[in-house]
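The values are calculated or read from the model by the stated rules, or taken from the named source; none is laboratory data. As the structure is a computational prediction, the values presented were derived from the model and not from experiment. All Cβ positions, even for glycine, are placed from backbone atoms using ideal geometry, and neighbour counts span all protein chains on display.
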Amino acid sequence: MAEITCSQATQQALDEAMAADPTVLVFGEDVADPEGGGIMGSTAGLSTKYGSRVRSTPISEQAIAGAAVGAAIAGMRPVAEIMLMNFITVAMDMIVNHAAKTRFMSGGKTAVPLTIRTMSGAGIGAGGQHSDMYEAWLAHVPGLKVVVPSNAADQKALLKSCIFDDDPCIFVETTYIQFVKGEVPDDYEAPLGKAKVSREGTDVTIVGYGRPILDALAVAEKLAAEGISVEVVDLRTVMPWDQETVFKSVAKTKRAVTLHEAVVQFGVGAEISSRIHEELFDTLKAPVQRVGSMNTVVPYSAPLEQNFMWSQDKIEAAIRRTLERK
Amino acid sequence: MTRPNAAAGPEDLIKIYRTSTLIKQTDEAIRGLLRRGRLQANYYSPRGQEIVAAAMAATLQPDDYVVTIYRGLHDHLAKGVPLKALMAEYFGKVDGSCKGKGGCMHITHPEAGVMVTTGIVGSGMPIANGLALASQERKDGRVTVTNFGDGATNIGSFHESMNLASLWKLPVVFLCQNNLFAEHTATELCTAGNIVDRAKGYAMPGILVDGNDPEAMYAAARQAVDRARDGEGPTLIEARTFRFEGHNYGDPSSYIPKEMMAEAKANDPVPKLRALLIERGIATEDEVAKIDADAAAEIAEAVTFAQESPYPDVAENLSDVYATVLENA
Ligand SMILES: Cc1ncc(C[n+]2csc(CCOP(=O)(O)OP(=O)(O)O)c2C)c(N)n1
Ligand SMILES: [Mg+2]
């Protein structure tokens, strides 16, 4: 089984999708080979192989997203790249007012099967305008699907699921893990909306997605030595999220911690926590705890950024808070 | 209209040399620190673009406003951001111009008129209009210069801002530092037509200038700044220049043809100005050598200062988010 990086996983998914379906188009800033095949190499080789179906664009996020909306309405499956998630702000009208709502507002006569790939994440000293995780904003918009993979296999399989899904999908790649390698089985598939139980446990469930899943697994391993059994559920798809798997897990463990990289306030964790309380109030032994980054702007200074981010210590502390009540 | 006294005099040229030398040497020092692992930063070198900033700044008043971008070191220093505060910000230290919280992509130093440094391509221009609007209403006589790259002329905010500035006759100068590349894409591959021609569509003057030529750049800047200050509205300057160090630190620039890079470096504008000063008898070798040495000394002092400055307390993470720290956050 091949070990590949997350950015290679994206490259393979795009390549396979383009080979399988001539309606798949790829465009974004610097994505074609003369411009380096993407800043992470995630589109390397594609323009050479597929010609005009892969295009570098000007720095024009609104035009990029809008072209994806239009091409999708006309029956293509565009995969547009918005280099970093902060730059999605410039394209929000196209995504929120158009991509998300077109199917509904046309009475189902038109659809927007686009995928927007983007990247973000803190921990690399990039400061306030290059590190934010905005998946909660997007998940809040009916009509959009939002995916945040935590490893290479899921990144590859889920990207293909997004491309061949008939709704607009926002696909978020976490900067920090793009060069992390993982095994990708040949026939591995990951449908949208299905979580993965990354580690089984009986005392408490961590529900999260993206890069912090790696920390959740590390904390679970550490606490196992103390006899605390932690189950880790990797949602993979943030919207629609796999409530069935989460409820089943929490019904078993009776305790839950939500976990994401985005700031805690009004985050995805709040939605998950709320739904768990609604469904499992009588089963819960402790209120659901939320872990994420601090409610502030991503700071530049290294010690401030470390303090800002979620951490294994914060995850462990949250787990212990759920265990305080017997 | 060509204005009287728009030419750079000997004093202006010396000033431009002093500023561009400080920029060039600071850039070299920063890259040295990055190379030796003494500094971790996402750094966008302005090496090669010094004259654009230095000549523009030579036409400005201390209280004029400047807006710039992540590739902003040259604009910051030219406008007078103190080197110590700048360097400490690069190191994420408490004595930085933004207490270490903004970082090198977001230098803000209102005392020097540096009001915004953005990491979002194109986003400086609409804000520059707002600064200029404030000046227009207050009649404070300030001019706002907004710096951006060639790539930024393809984003909506450029077009919206040019139109609004022209319509309202705002005292703003749009300074496009055309270094021929936007990240890894050659400008001609992502830009239809000539940038300077876009001025016409918004009924404002457009000046195409060799930004590496201090006299031509000064004259262009001077015209645009005077026009803005006189209440006649905005100007678009397209200053042709080149960046020697790729998009960001570590970029091998493999997308830039070797001959193009070699030619640009052979025409390095800073040593060229140095030679010109001597050749014309504007300054002696000793005098320019002193300018060089003064810059080196100032930089060495600023680096030591920045390295010795403490990191901000982590409590800083929760201050400055709102005017007062929220009770219920
Ligand atoms: C809205 C937005 N899109 C994309 C980027 C990523 N990006 C940063 S710099 C850059 C190239 C900008 O080129 P140009 O405007 O010519 O300025 P230069 O870097 O050459 O000085 C790009 C695409 C960004 N920062 N903001
Ligand atoms: Mg450029």
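If the requirement is being more than 16 Å from ligand 1 (Cβ to nearest atom), assigned to a helix (DSSP H, G or I) and charged (D, E, K, R), which of these qualifies: B:Lys99, B:Lys84?
Exactly one residue qualifies, and that residue is B:Lys84.
Rundown of residues vs (1) under 24 Å from B:Pro310 (Cα atoms); (2) away from every other protein chain (no Cβ under 14 Å); (3) among the charged types (D, E, K, R); (4) in contact with a helix residue (DSSP H, G or I) (Cβ under 6 Å, 6 or more places away or on another chain), yes/no style:
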position: B:Ala8; (1), (2), (3), (4): no, yes, no, yes
position: B:Lys24; (1), (2), (3), (4): no, yes, yes, yes
position: B:His74; (1), (2), (3), (4): no, yes, no, yes
position: B:Pro82; (1), (2), (3), (4): yes, yes, no, no
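Looking at the range B:134-142, can you tell me whether even one residue there is within 29 Å of B:Ala306 (Cα to Cα) and either away from chain A (no Cβ under 14 Å) or away from ligand 1 (no atom under 13 Å from the Cβ) (or both)?
No, that holds for no residue.
Kindly check whether there is at least one residue in the range A:221-229 that is at pLDDT 95 or above, surrounded by fewer than 23 Cβ atoms within 10 Å (Cβ to Cβ) and within 24 Å of A:Val172 (Cβ to Cβ).
no
Specify which of the listed residues (A:Ile116, A:Ile124, A:Ile88, A:Ile95) is at pLDDT below 95, at negative phi and either among the aliphatic types (A, V, I, L, M) or assigned to a loop (DSSP other than H, G, I, E, B) (or both).
A:Ile124
Kindly establish whether A:Pro240 is more than 14 Å from every other protein chain (Cβ to nearest Cβ), modelled with pLDDT of 95 or more and surrounded by fewer than 23 Cβ atoms within 10 Å (Cβ to Cβ).
Spelling it out, A:Pro240 is indeed more than 14 Å from every other protein chain (Cβ to nearest Cβ), modelled with pLDDT of 95 or more and surrounded by fewer than 23 Cβ atoms within 10 Å (Cβ to Cβ).
Each row is one residue, and each column tells you yes or no for (1) among the hydroxyl-bearing types (Ser, Thr, Tyr); (2) surrounded by fewer than 19 Cβ atoms within 10 Å (Cβ to Cβ).
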residue	(1), (2)
B:Leu33	no, no
B:Gly37	no, yes
B:Gln40	no, yes
B:Ser45	yes, no
B:His74	no, no
B:Leu83	no, no
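Determine which single condition B:Arg198 fails, assuming it passes every other condition in (1) in contact with a helix residue (DSSP H, G or I) (Cβ under 8 Å, 6 or more places away or on another chain); (2) away from chain A (no Cβ under 14 Å).
(2)
Which of the residues that make up the range B:230-258 are surrounded by 18 or more Cβ atoms within 10 Å (Cβ to Cβ), among the charged types (D, E, K, R) and within 27 Å of B:Gly130 (Cα to Cα)?
Those that are surrounded by 18 or more Cβ atoms within 10 Å (Cβ to Cβ), among the charged types (D, E, K, R) and within 27 Å of B:Gly130 (Cα to Cα): B:Glu238, B:Arg240.
Looking at the range A:103-121 only, could you name the residues that are of a type outside the set (A, V, I, L, M, F, W, C) and surrounded by 19 or more Cβ atoms within 10 Å (Cβ to Cβ)?
Matches in the range A:103-121: A:Arg103, A:Pro113, A:Thr115, A:Arg117, A:Thr118, A:Ser120, A:Gly121.
Determine whether the range B:296-317 contains at least one residue that is within 14 Å of chain A (Cβ to nearest Cβ), among the aliphatic types (A, V, I, L, M) and more than 23 Å from the chain's Cα centre (by Cα).
Yes, there is a match, as at least one residue in the range B:296-317 is within 14 Å of chain A (Cβ to nearest Cβ), among the aliphatic types (A, V, I, L, M) and more than 23 Å from the chain's Cα centre (by Cα).
So which residues in the range B:169-193 are more than 9 Å from chain A (Cβ to nearest Cβ), at pLDDT 95 or above and more than 10 Å from ligand 1 (Cβ to nearest atom)?
B:Lys169, B:Leu170, B:Pro171, B:Val172, B:Val173, B:Phe174, B:Leu175, B:Gly193
So, of the residues in the range A:20-46 that are touching a helix residue (DSSP H, G or I) at 6+ places or on another chain (Cβ under 9 Å), farther than 15 Å from A:Thr10 by Cα and within 12 Å of chain B (Cβ to nearest Cβ), which turns out to be surrounded by the most Cβ atoms within 10 Å (Cβ to Cβ)?
Residue satisfying both the conditions and the ranking: A:Glu29.
Of all residues in the range A:122-136, which are more than 8 Å from chain B (Cβ to nearest Cβ), surrounded by fewer than 24 Cβ atoms within 10 Å (Cβ to Cβ) and in contact with a Ser or Thr (Cβ under 9 Å, 6 or more places away or on another chain)?
A:Gly123, A:Asp132, A:Tyr134
Which ranges mark the helices (runs of 4 or more DSSP H) fully within the range B:132-226 that have 1 or more residues being acidic (Asp, Glu), touching a residue at least 40 places away in the same chain (Cβ under 8 Å) and away from ligand 2 (no atom under 14 Å from the Cβ)?
Fully inside the range B:132-226 and qualifying: nothing.
Every residue, every condition in (1) over 14 Å from the mean Cα position of the chain (by Cα); (2) crowded, with 22+ Cβ neighbours inside 10 Å, yes or no:
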residue: B:Gln136; (1), (2): yes, no
residue: B:Thr144; (1), (2): no, yes
residue: B:Phe148; (1), (2): no, yes
residue: B:Thr153; (1), (2): yes, yes
residue: B:His159; (1), (2): yes, no
residue: B:Asn163; (1), (2): yes, no
residue: B:Ser166; (1), (2): yes, no
residue: B:Phe174; (1), (2): no, yes
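Against the conditions (1) assigned to a helix (DSSP H, G or I); (2) within 12 Å of chain B (Cβ to nearest Cβ), where does A:Lys49 fall short? Just the number, please.
The failed condition is (2).
For the range B:179-191, state whether one or more residues are under 14 Å from the mean Cα position of the chain (by Cα) and buried (at least 17 other Cβ atoms within 10 Å of the Cβ).
Among the residues of the range B:179-191, at least one is under 14 Å from the mean Cα position of the chain (by Cα) and buried (at least 17 other Cβ atoms within 10 Å of the Cβ), which makes the answer yes.
State whether the residues of the range A:224-231 include one that is assigned to a helix (DSSP H, G or I), of a type in the set (A, V, I, L, M) and farther than 21 Å from A:Glu189 by Cα.
Yes, that holds for at least one residue.
B:Ile207 is checked against (1) within 14 Å of chain A (Cβ to nearest Cβ); (2) under 20 Å from B:Val143 (Cβ atoms); (3) of a type in the set (Val, Ile, Thr) and fails just one. What number does that condition carry?
In the conditions (1) within 14 Å of chain A (Cβ to nearest Cβ); (2) under 20 Å from B:Val143 (Cβ atoms); (3) of a type in the set (Val, Ile, Thr), B:Ile207 misses (1) alone.
Can you tell me which of A:Ala317, A:Ala262 is free of Cβ contacts under 8 Å to residues at least 40 places away in the same chain, more than 14 Å from chain B (Cβ to nearest Cβ), closer than 20 Å to A:Val219 by Cα and of a type in the set (A, V, I, L, M, F, W, C)?
That would be A:Ala317, the only listed residue that is free of Cβ contacts under 8 Å to residues at least 40 places away in the same chain, more than 14 Å from chain B (Cβ to nearest Cβ), closer than 20 Å to A:Val219 by Cα and of a type in the set (A, V, I, L, M, F, W, C).
Could you run through the range A:52-75 and say how many residues are buried (at least 19 other Cβ atoms within 10 Å of the Cβ) and more than 10 Å from chain B (Cβ to nearest Cβ)?
9
Picking from A:Thr296, A:Thr237, which residue would you name as being touching a Leu at 6+ places or on another chain (Cβ under 7 Å) and closer than 30 Å to B:Thr108 by Cα?
A:Thr296
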